[in-house]
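Student: Just dropping this structure here.
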Amino acid sequence: MKRIYLDYAATTPTHRDVVKAMLPYFSDSFGNPSSIYSYGQESKGAVEKAREQVANLISAHDEEIVFTSGGTEADNFAIKGVAYANPERNHIIISSIEHHAVIETCKFLEKRGFEITYLPVDKDGLVDPDDVRKTITDKTCLISIMHANNEIGTIQPIKKLATIAREAGVYFHTDAVQAAGQIPINVDDVGVDLLSMSAHKLYGPKGVGALYIRKGTRLVPFMHGGSQENDRRGSTENVPGIVGFGKATAIALEAMTGEIERQTRLRDHLITSILEQIDGVRLNGHPTKRLPNNVNVSIDYVEGESMLLNLDLENICASTGSACSSSSLEASHVLLALGLGHEQAHSSLRFTVGKWTTEEDINRVLEVLPKIVARLRAMSPLLKSHK
Amino acid sequence: MPDIQSLYSEKVMDHFRNPRNVGEIENPDGTGHVGNPICGDIMELYIKVNGNTITDAKFKTFGCGAAIATSSMVTEMIIGKTIDEALEISNKTVAEALGGLPAAKMHCSVLAEDALRSAIDDYHSKQKKGKSKAKAKKK
Ligand code: FES
């Protein structure tokens with residue numbers, strides 16, 4: 001049975017061309033970019049070329065890109081970096097549906113005297129720009145709101161939000177780990193000061209990411225050590241990883257328009273068919289302001305992990321916001337923030353399509369999912385009590 | 001291939017794929033309805049008792065793979081047992097009968113044990129009521 005991978009938001013396979021681009025930088029051009037002999041300079045050149053490629057993806061200047069070990073580090077860097085560089089201000093505003101990398105970083109700061117505002121979202125997952133405006137004080141140093149949500153795919157009005165921040169003289173960071181490479185981003189047009197990216201979400205390797213830092217933004221370095229990355233992040237560069245990231249962004253940029261169209265079609269086909277074929281289903285996230293690859297539904301009366309397990313038996317990989325499948329045994333904070341009850345969060349199922357998803361794959365899901373749901377509903381005690 | 005299936009033993013997967021005794025019993029002699037305080041899942045267990053022996057058991061469960069498998073297993077284990085024998089079953093014995101559960105999933109087997117105890121409690125209280133009714137009639 002062919003394996004159908006529909007969890008591209010979790011991670012993507014590394015593109016073969018990306019791997020090919022990376023290979024020379026392991027054993028052949030292995031030099032340290034900080035060394036001045038030609039080996040080192042070869043590596044240095046490769047890193048700088050990748051920097052240009054990554055900058056291109058978001059229309060930034062090369063020197064505004066700092067490579068990190070991934071999206072989580074980029075988020076940590078942005079938030080702690082601004083927090084500690086601006087000691088006269090101690091207030092940070094984030095949304096309640098941020099990735100854990102942002103939320104947990106803010107909770108860490110909260111314990112150390114910072115004040116954090118967690119903004120609510122509406123039923124589709126959108127932040128209200130007015131809420132942002134109202135909560136800014138003269139102590140606010142940073143607003144961090146994700147570009148697109150990893151669970152429900154909702155895309156925030158980043159330009160509006162960043163404009164509010166700019167007018168108030170507050171730095172604006174966006175976690176664009178899910179958005180980058182999928183939808184067009186132009187940092188100058190939207191006016192963000194900081195933006196996080198990750199390579200493995202866009203067919204690059206794991207363990208590498210980047211933080212875009214607008215020229216002139218005050219933030220303290222994240223890793224203290226050598227003077228790499230313009231003194232902003234010590235540590236010998238992950239040359240093969242960075243090269244792979246660069247290549248992946250170049251491929252993503254080239255394929256973007258076509259992929260948006262193709263994936264949106266697959267996404268909508270899956271959403272409408274699930275809603276048609278199964279009753280008691282709710283689409284989570286905004287119906288149109290959503291990533292081209294994201295499908296997230298709550299299927300009444302059935303628990304998510306048991307659906308995943310059944311799908312896995314059919315060789316289909318998906319994910320859920322159910323408490324049962326999280327190591328903390330807590331339901332998804334994102335789904336709860338939408339106003340869903342615990343039972344609905346429990347019943348959520350996320351499919352994220354990608355480069356190699358076909359119409360056939362979607363049809364296979366549509367063939368097996370209704371049967372799985374019917375089987376699980378037959379053993380659900382919830383169904384009866386709702387009759 | 002590392003996947004969620006490999007999280008569970010073969011026995012668990014067997015009970016998950018082909019759960020035994022799914023459903024409800026009409027006019028049960030005891031019903032257990034419990035919620036899992038940890039992750040919020042729900043199980044219902046119905047028993048039919050003849051003399052002192054459990055002659056039938058059925059369940060309905062809203063929960064993860066482990067919850068469904070332990071529910072199924074517990075019904076299989078109690079049918080044919082006396083009430084006292086059934087009371088000796090704990091979440092650990094159910095988990096053992098399933099060839100073990102991952103540590104993070106042990107709490108799901110507690111759901112099955114709780115449901116069993118609550119069904120037996122319900123049976124006992126029905127018995128008492130029945131007896132007092134019978135007594136009342138005699139008077
Ligand atoms: S029933 Fe929720 S984790 Fe098992």
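The values are calculated or read from the model by the stated rules, or taken from the named source; none is laboratory data. Just so you know, these numbers come straight off a predicted model, no measurement behind them. Heads up, the Cβs are rebuilt from the backbone with ideal geometry, glycines too, and the neighbour counts pull from every protein chain shown. Ligands, DNA and RNA are excluded from the accessible area calculation, which covers all protein heavy atoms including side chains. Shrake-Rupley method; radii C 1.70, N 1.55, O 1.52, S 1.80 Å.
Student: Can you go through A:ILE316, A:ILE278, A:ILE299 and tell me which one is farther than 23 Å from A:PRO157 by Cα and in contact with a Pro (Cβ under 7 Å, 6 or more places away or on another chain)?
Tutor: On the way: A:ILE316 fails: in contact with a Pro (Cβ under 7 Å, 6 or more places away or on another chain); A:ILE299 fails: in contact with a Pro (Cβ under 7 Å, 6 or more places away or on another chain).
One residue alone meets the criteria, A:ILE278.
Student: While we're looking at this one, here's another question. Which ones in the range A:118-146 are under 21 Å from A:PRO87 (Cα atoms), among the β-branched types (Val, Ile, Thr) and open to solvent by less than 30 Å² (accessible area, probe 1.4 Å)?
Tutor: The answer is A:THR140, A:ILE143.
Student: Condition (residue is open to solvent by 60 Å² or more (accessible area, probe 1.4 Å) and touching a strand residue (DSSP E or B) at 6+ places or on another chain (Cβ under 8 Å)) applied to the range B:81-93: is it met by at least one residue?
Tutor: For the range B:81-93, residues open to solvent by 60 Å² or more (accessible area, probe 1.4 Å) and touching a strand residue (DSSP E or B) at 6+ places or on another chain (Cβ under 8 Å): present.
Student: Can you confirm whether A:LEU349 is within 14 Å of chain B (Cβ to nearest Cβ), within 19 Å of the chain's Cα centre (by Cα) and modelled with pLDDT of 95 or more?
Tutor: So A:LEU349 passes the test.
Student: Continuing with the same structure: Could you go through the range B:104-118 and let me know if any residue there is away from the ligand (no atom under 12 Å from the Cβ), surrounded by fewer than 24 Cβ atoms within 10 Å (Cβ to Cβ), more than 13 Å from every other protein chain (Cβ to nearest Cβ) and closer than 19 Å to B:GLU10 by Cβ.
Tutor: no
Student: Checking the conditions here, which among B:GLY63, B:GLY32, B:GLY51 is more than 15 Å from the ligand (Cβ to nearest atom) and touching a residue at least 12 places away in the same chain (Cβ under 8 Å)?
Tutor: B:GLY32
Student: Restricting the first residue to the range A:213-236 and requiring it to be more than 25 Å from A:SER59 (Cβ to Cβ) and in the same structural domain as A:ASN90 (by TED's automatic domain parsing), which pairs with a second residue that is at pLDDT 95 or above and among the hydroxyl-bearing types (Ser, Thr, Tyr) meet a Cβ separation below 6 Å and a spacing of at least six or different chains?
Tutor: Going by the 6 Å Cβ cut-off, the qualifying pairs are A:VAL220/A:TYR84.
Student: Now, a different point. Failed condition for B:SER6, given (1) assigned to a loop (DSSP other than H, G, I, E, B); (2) open to solvent by 50 Å² or more (accessible area, probe 1.4 Å); (3) modelled with pLDDT under 95, with all others met?
Tutor: The single condition B:SER6 does not satisfy is (1).
Student: Evaluate the range A:279-288: report whether one residue or more is within 16 Å of the ligand (Cβ to nearest atom), outside the structural domain of A:ALA101 (by TED's automatic domain parsing), free of Cβ contacts under 8 Å to residues at least 60 places away in the same chain and charged (D, E, K, R).
Tutor: no
Student: Same structure, new question: Right, A:GLU305: surrounded by 19 or more Cβ atoms within 10 Å (Cβ to Cβ), in the same structural domain as A:ARG377 (by TED's automatic domain parsing) and farther than 24 Å from A:HIS61 by Cβ or not? Even if it seems obvious, please write down each step before you answer.
Tutor: On the way: surrounded by 19 or more Cβ atoms within 10 Å (Cβ to Cβ): yes; in the same structural domain as A:ARG377 (by TED's automatic domain parsing): yes; farther than 24 Å from A:HIS61 by Cβ: yes.
So A:GLU305 fits the description; yes.
Student: Of everything in the range A:192-210, what is under 19 Å from A:GLY81 (Cα atoms) and not in a strand (DSSP E or B)? Give them in sequence order.
Tutor: A:VAL192, A:ASP193, A:VAL208, listed by residue number.
Student: Filter the range A:309-343 for residues that are more than 13 Å from B:GLY40 (Cα to Cα), within 12 Å of the ligand (Cβ to nearest atom), open to solvent by 10 Å² or more (accessible area, probe 1.4 Å) and at the interface with another protein chain (Cβ under 8 Å from one of its Cβ atoms) and give the result.
Tutor: Passing the criteria: only A:SER327.
Student: What do you reckon, is A:ILE271 open to solvent by less than 30 Å² (accessible area, probe 1.4 Å) and in a helix (DSSP H, G or I)?
Tutor: On the way: open to solvent by less than 30 Å² (accessible area, probe 1.4 Å): yes; in a helix (DSSP H, G or I): yes.
Against the criterion (open to solvent by less than 30 Å² (accessible area, probe 1.4 Å) and in a helix (DSSP H, G or I)), A:ILE271 qualifies.
Student: What number of residues within the range A:31-53 satisfy the criterion of being touching a residue at least 60 places away in the same chain (Cβ under 8 Å) and open to solvent by 30 Å² or more (accessible area, probe 1.4 Å)?
Tutor: Step one: of the range A:31-53, the residues touching a residue at least 60 places away in the same chain (Cβ under 8 Å) are A:32-34, A:43, A:46-47, A:49-53.
If we keep only those that are open to solvent by 30 Å² or more (accessible area, probe 1.4 Å) too, we end up with A:32, A:34, A:49, A:52-53.
Residues in the range A:31-53 being touching a residue at least 60 places away in the same chain (Cβ under 8 Å) and open to solvent by 30 Å² or more (accessible area, probe 1.4 Å): 5 in total.
Student: So, one more: For B:ILE68, which of the numbered conditions (1) free of Cβ contacts under 8 Å to residues at least 40 places away in the same chain; (2) of a type in the set (A, V, I, L, M, F, W, C); (3) within 10 Å of the ligand (Cβ to nearest atom) fails to hold?
Tutor: B:ILE68 satisfies all of (1) free of Cβ contacts under 8 Å to residues at least 40 places away in the same chain; (2) of a type in the set (A, V, I, L, M, F, W, C); (3) within 10 Å of the ligand (Cβ to nearest atom) except (1).
Student: I need a count of the residues in the range A:350-368 that are in contact with a His (Cβ under 9 Å, 6 or more places away or on another chain) and among the β-branched types (Val, Ile, Thr).
Tutor: 1
Student: Output the residues belonging to the range B:35-68 that are more than 10 Å from chain A (Cβ to nearest Cβ), over 10 Å from the mean Cα position of the chain (by Cα) and open to solvent by less than 30 Å² (accessible area, probe 1.4 Å).
Tutor: Selection gives B:VAL49, B:ILE54.
Student: Also, quick follow-up: Sort out which residues of the range A:101-126 are in a helix (DSSP H, G or I) and over 13 Å from A:VAL334 (Cβ atoms), and write them in order of number.
Tutor: Of everything in the range A:101-126, those that are in a helix (DSSP H, G or I) and over 13 Å from A:VAL334 (Cβ atoms) turn out to be A:ALA101, A:GLU104, A:THR105, A:CYS106, A:LYS107, A:PHE108, A:LEU109, A:GLU110.
Student: When A:THR236 is evaluated against the numbered criteria (1) crowded, with 16+ Cβ neighbours inside 10 Å; (2) modelled with pLDDT under 95; (3) not hydrophobic (A, V, I, L, M, F, W, C), which criterion, by number, is the only one it fails?
Tutor: Of the numbered conditions (1) crowded, with 16+ Cβ neighbours inside 10 Å; (2) modelled with pLDDT under 95; (3) not hydrophobic (A, V, I, L, M, F, W, C), the odd one out for A:THR236 is (1).
Student: Still on this structure: So which residues in the range A:161-182 are outside any helix (DSSP H, G or I), touching a strand residue (DSSP E or B) at 6+ places or on another chain (Cβ under 7 Å) and not aromatic (Phe, Trp, Tyr), if there are any at all?
Tutor: A:VAL170, A:HIS173, A:THR174, A:ASP175, A:ALA176, A:VAL177, A:GLN178, A:ALA179, A:ALA180
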